[in-house]
Amino acid sequence: MKINLLAWILPPLMLMAGGCTAAAGGGSSASLQRELDSLKSDVAAMREANRLADMRGGSSDSSAEINRLRGDFQRLSDNVGNLNSRLDRLEQQVGLKAGSGQAAGYQALNEIETAPPAGRPEPVSPSSAAPLPPAPADPYENGKELFNNKDYRAAIAQFKSYLADEPKGRNADSAQYYIGESLFAERQYEEAILEYQKVVQGFPKSRQVPPSILKQGQSFEYIGDKDGAKLLYQKVIRDFPANWTAEVAKKRLSGLSEG
């Protein structure tokens, strides 16, 4: 809406500026018009005087006065013609300059319409915006995802990376437990027993202790050491009777006893 208003305002302003410039260079159009009107009034008066003189008759004095009036009338007529010519030239000059001023006004308007607003930054397209830096990777979460996808060796590497950075971190006990679980899933039972033991000794208050002892018993069972497995199952039942691992340990112990 602001640009439309400028389209109406600028050309007339440019026309006025052009008219003022022309008047300053070639004389005032209004002044010439007033002078012309005055001369025309004088001419009209001279004509009336000449008409009255003709009515009075042909005395020598009257003839001389008439001739003088006629001369004055001729000079006034010439002045009127000159003024008319000057006025025509002035109007042409004003028209030309007004036209150039109007053209300049439209040019200025086009520049206003096409120029970006001052002080306003150019919009940035999404494709040109700088990409956000990736969020820092969490080795523990990466390890869990890899473990769930059964990529156990890669999971172990991520859990060990987490423990190297945060050996007493919030998820340190679980990271250590998942290392034992990954080895257990790969049937590396001797190695798994050692990793589970790091949970028991390093995090004695952790919720991962009961399942670690249970899995140690299963590992001893799978490598053929039934006596070692029985001792560990009994420990789970005795030390953690309310934990879910106690029920599992009872079942496995019963199976070994029957066998």
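The values are calculated or read from the model by the stated rules, or taken from the named source; none is laboratory data. Predicted model only: the values in this text are computed from it and were never measured. Backbone-built Cβ (ideal geometry, glycine too); neighbour counts: all protein chains shown.
Listed here are the residues, each with its yes/no results for (1) surrounded by fewer than 23 Cβ atoms within 10 Å (Cβ to Cβ); (2) at pLDDT below 95; (3) under 30 Å from E258 (Cβ atoms).
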residue: G180; (1), (2), (3): no, no, yes
residue: E190; (1), (2), (3): yes, no, yes
residue: I193; (1), (2), (3): no, no, yes
residue: Q201; (1), (2), (3): yes, no, no
residue: P204; (1), (2), (3): yes, no, no
residue: L214; (1), (2), (3): no, no, yes
residue: I223; (1), (2), (3): yes, no, yes
residue: G228; (1), (2), (3): yes, no, yes
residue: Y233; (1), (2), (3): no, no, yes
(request) Among the residues of the range 154-191, write down those that are in a loop (DSSP other than H, G, I, E, B), out of contact with any helix residue (DSSP H, G or I) (no Cβ under 8 Å at 6 or more places or on another chain) and over 28 Å from I223 (Cβ atoms). (result) P167, K168, R170
(request) Of the numbered conditions (1) under 60 Å from the mean Cα position of the chain (by Cα); (2) free of Cβ contacts under 8 Å to residues at least 12 places away in the same chain, G180 fails exactly one; give the number of that condition. (result) (2)
(message) Of everything in the range 160-205, what is charged (D, E, K, R) and touching a Ser or Thr at 6+ places or on another chain (Cβ under 8 Å)? Give them in sequence order.
(response) D173, E190
(message) Being charged (D, E, K, R), in a helix (DSSP H, G or I) and under 17 Å from A249 (Cα atoms) is the requirement here; does K215 meet it?
(response) yes
